Amino acid sequence: MHSLSRKLLSLIEAAAPQLAQVDDSTTTSPVRAGGWSRRQLLGHLIDSASNNHQRIVRASLQRELNFPGYDQNGNIRVQQFQTASWAMLVDLFLAYNRLLAHVIAHIPEAKLQTVCKIGAEMPTTLEHLAKDYVKHLAHHLKLMGIEPEMPAAA
């Protein structure tokens with residue numbers, strides 16, 4: 001999982017300067033009609049990091065993970081990301097993902113096939129969960145207009 005961890009770190013470190021340059025006044029408007037704003041999208045990514053951090057750690061400690069589902073709209077509403085400081089959200093997003101990259105790098109090989117049941121979704125493996133997280137992150141950064149240039153694969 002070291003290569004996935006490096007990919008996650010490369011993605012967030014490449015996105016960091018772009019996120020820092022976003023004009024705060026543009027972060028509260030929906031990025032598309034009826035959708036979330038950049039603040040809400042970044043808040044959702046923080047939630048995703050938080051949820052996946054717990055899933056990965058718990059799945060690494062158990063024979064099988066049973067984790068509740070995720071009410072993304074409810075979480076966005078309750079946490080009021082729309083009124084949070086853009087700079088604070090960026091800092092938290094970067095810090096949480098750096099921690100998550102560290103955790104991913106240290107998932108025991110023997111735990112990669114741990115079955116993870118999340119809400120009503122089909123069961124998956126811990127390995128798939130971690131890989132899917134990185135894809136999800138890249139997708140939502142792109143929705144915000146953040147498309148970091150990734151270094152070429154070695």
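Give the residue that is surrounded by the most Cβ atoms within 10 Å (Cβ to Cβ), with candidates limited to residues of the stretch 49-65 that are more than 21 Å from HIS136 (Cβ to Cβ) and in contact (Cβ under 8 Å) with a residue 12 or more places away in the chain.
Checked the stretch 49-65; the qualifying residue surrounded by the most Cβ atoms within 10 Å (Cβ to Cβ) is GLN62.
Just to be sure I understand, how many residues within the stretch 58-84 are over 29 Å from GLN18 (Cβ atoms), aliphatic (A, V, I, L, M) and assigned to a helix (DSSP H, G or I)?
2
Tell me which residues, restricted to the stretch 56-81, are of a type in the set (S, T, N, Q) and closer than 25 Å to SER5 by Cα. Before you say what the answer is, go through the steps one by one.
The first filter runs over the stretch 56-81 and keeps only residues of a type in the set (S, T, N, Q), leaving 60, 62, 66, 72-73, 75, 79-80.
Those that are of a type in the set (S, T, N, Q) and closer than 25 Å to SER5 by Cα: SER60, GLN62, ASN66, GLN72.
Please verify whether the stretch 28-45 includes one or more residues that are of a type in the set (Val, Ile, Thr), assigned to a loop (DSSP other than H, G, I, E, B) and in contact (Cβ under 8 Å) with a residue 24 or more places away in the chain. Talk me through it step by step, then tell me what you get.
So the first thing to find is which residues in the stretch 28-45 are of a type in the set (Val, Ile, Thr), and the list is 28, 31.
Still in the list and also assigned to a loop (DSSP other than H, G, I, E, B): 28, 31.
Within this subset, residues satisfying the condition of being in contact (Cβ under 8 Å) with a residue 24 or more places away in the chain are 28, 31.
Yes, the conditions are met somewhere in the stretch 28-45.
All of the numbers you see were taken from the coordinates with simple rules; none came from a lab. Everything numeric here is computed off the predicted structure, so don't read it as measured data. In this analysis, Cβ positions are derived from the backbone assuming ideal geometry, glycine residues included, and neighbour counts consider all displayed protein chains.
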